[in-house]
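See below for the structure under consideration.
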Amino acid sequence: MAVLQVDFVSQCLMRTVTIKVILPVDKIAKMNGEMPYTPEKFKTLYLLHGMLGNHSDWIDGTRIQRWAQERNLAVVMPAGENRFYVDNPREGAYFGEYIGRELVEMTRKMFPLSDKRENTFIAGLSMGGYGAIRNGLKYHETFSHIAGLSSGLLMDDILKSDNDAPMPFMKRSYYESVLGDLSKFKGSDMDYEALILNLKEKGAEIPKLYLCCGTEDFLADANRRYRDFLKAEGVDVVYEEGLGGHEWDFWDTYIHRVLEWLPLDEGSKGLNSGNVGIE
């Protein structure tokens with residue numbers, strides 16, 4: 001399994017950015033000498049971390065590396081810097097465009113990734129779950145499938161926020177620094193309900209959605225409300241809950257379920273470290 005760390009200059013963010021990439025190009029022959037199947041162009045998952053995280057979170061916290069190798073899936077993991085993966089013109093930081101357009105274009109230039117919509121997916125956890133939903137819907141012509149794990153669907157909390165919250169990133173001033181004028185949030189391209197309604201009005205193809213949340217997670221009610229909204233609008237959504245909170249044990253289990261939901265290759269095992277995959 002090839003795991004790469006790449007630095008490149010982003011025009012959307014006007015600085016050098018770092019990404020992690022899982023690329024299953026290095027499978028070694030099976031014990032019988034047969035070479036495992038490797039596609040010419042890889043299906044690709046753009047995978048977003050949550051608040052306080054970085055581009056290494058998913059590899060450090062889950063078994064995504066092993067499962068991506070088994071399923072011939074490329075995984076691209078950018079850093080979101082606590083900025084909710086949205087555009088902020090005031091700061092000249094276009095995180096949404098970076099995720100939905102520039103990162104896809106750049107990684108397709110760098111690596112053997114499929115340029116087909118049906119082979120391009122986006123997912124994330126918590127803040128990254130919101131970012132995946134927002135950018136997967138906004139850039140619906142690029143992504144065919146969206147998965148949100150314990151997604152930070154905080155619109156109601158954001159609109160009612162004040163500066164008395166105990167954590168800095170729960171204060172109204174923080175939300176305003178990232179999202180701009182909160183009076184304009186609802187109905188904007190940061191509003192995950194409005195994005196659905198706009199796509200329906202245009203008759204556009206809405207990506208398939210997968211949502212999951214732990215039953216003990218503080219975000220469970222918000223995710224259930226979005227599930228109900230999507231179903232009421234006739235959107236193709238799979239929703240699952242399981243025992244757990246806002247924690248890596250839950251995300252490790254459910255990112256595997258995301259991969260089972262995605263239209264991936266069956267894959268083929270070869271040898272890798274520890275002789276894992278001997279057949």
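What number of residues within segment 104-141 satisfy the criterion of being touching a Ser or Thr at 6+ places or on another chain (Cβ under 8 Å), outside any helix (DSSP H, G or I) and under 20 Å from V6 (Cβ atoms)? Looking only at that region, the number is 5.
Condition first: in contact (Cβ under 8 Å) with a residue 60 or more places away in the chain, crowded, with 20+ Cβ neighbours inside 10 Å and of a type in the set (S, T, N, Q). Now tell me which residues in segment 108-137 satisfy that. N119, T120, S126, listed by residue number. Count of segment 60-82 residues, restricted to those that are surrounded by fewer than 21 Cβ atoms within 10 Å (Cβ to Cβ) and either touching a Ser or Thr at 6+ places or on another chain (Cβ under 6 Å) or within 28 Å of Y174 (Cα to Cα) (or both), is 5.
A quick yes/no check of all residues on (1) part of a helix (DSSP H, G or I); (2) touching a His at 6+ places or on another chain (Cβ under 8 Å); (3) over 28 Å from P168 (Cβ atoms):
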{"position": "C12", "(1), (2), (3)": "no, no, no"}
{"position": "V17", "(1), (2), (3)": "no, no, no"}
{"position": "D26", "(1), (2), (3)": "no, no, yes"}
{"position": "T38", "(1), (2), (3)": "no, no, yes"}
{"position": "L45", "(1), (2), (3)": "no, no, yes"}
{"position": "G50", "(1), (2), (3)": "no, no, no"}
{"position": "W58", "(1), (2), (3)": "yes, yes, no"}
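In segment 1-44, of all residues being more than 20 Å from the chain's Cα centre (by Cα) and crowded, with 18+ Cβ neighbours inside 10 Å, the one that is farthest from T62 (Cα to Cα) corresponds to P36. For segment 144-157, filtered to residues that are in contact with a Phe, Trp or Tyr (Cβ under 6 Å, 6 or more places away or on another chain) and in a loop (DSSP other than H, G, I, E, B), the residue that is surrounded by the most Cβ atoms within 10 Å (Cβ to Cβ) is S151.
Condition first: among the acidic types (D, E) and modelled with pLDDT under 95. Can you find one or more residues in segment 67-84 that meet it? Yes, that holds for at least one residue.
Listed conditions (1) of a type in the set (G, A, S); (2) farther than 27 Å from G152 by Cβ; (3) touching a residue at least 40 places away in the same chain (Cβ under 8 Å) are all met by A79, apart from (2).
Applying the condition of being touching a Leu at 6+ places or on another chain (Cβ under 7 Å) and not basic (K, R) to segment 220-232 and asking which residue is nearest to H140 (Cα to Cα) yields L230.
In the set Y226, Y192, Y175, only one residue is closer than 25 Å to G80 by Cα, touching a Ser or Thr at 6+ places or on another chain (Cβ under 7 Å) and touching a residue at least 12 places away in the same chain (Cβ under 8 Å); that residue is Y175.
Scan segment 158-169 for residues that are in a helix (DSSP H, G or I) and over 22 Å from the mean Cα position of the chain (by Cα) and the total you get is 2. Which residues, taken from segment 237-279, are modelled with pLDDT of 95 or more, more than 17 Å from L45 (Cβ to Cβ) and not in a helix (DSSP H, G or I)? Of everything in segment 237-279, those that are modelled with pLDDT of 95 or more, more than 17 Å from L45 (Cβ to Cβ) and not in a helix (DSSP H, G or I) turn out to be V237, Y239, E240, E241, G242, L243, G244, G245, H246, E247.
The values are calculated or read from the model by the stated rules, or taken from the named source; none is laboratory data. Owing to the predicted nature of the structure, the values given are computational and were not obtained by experimental measurement. Counting neighbours? That spans all protein chains shown, and the Cβs are built from the backbone with ideal geometry, glycine included.
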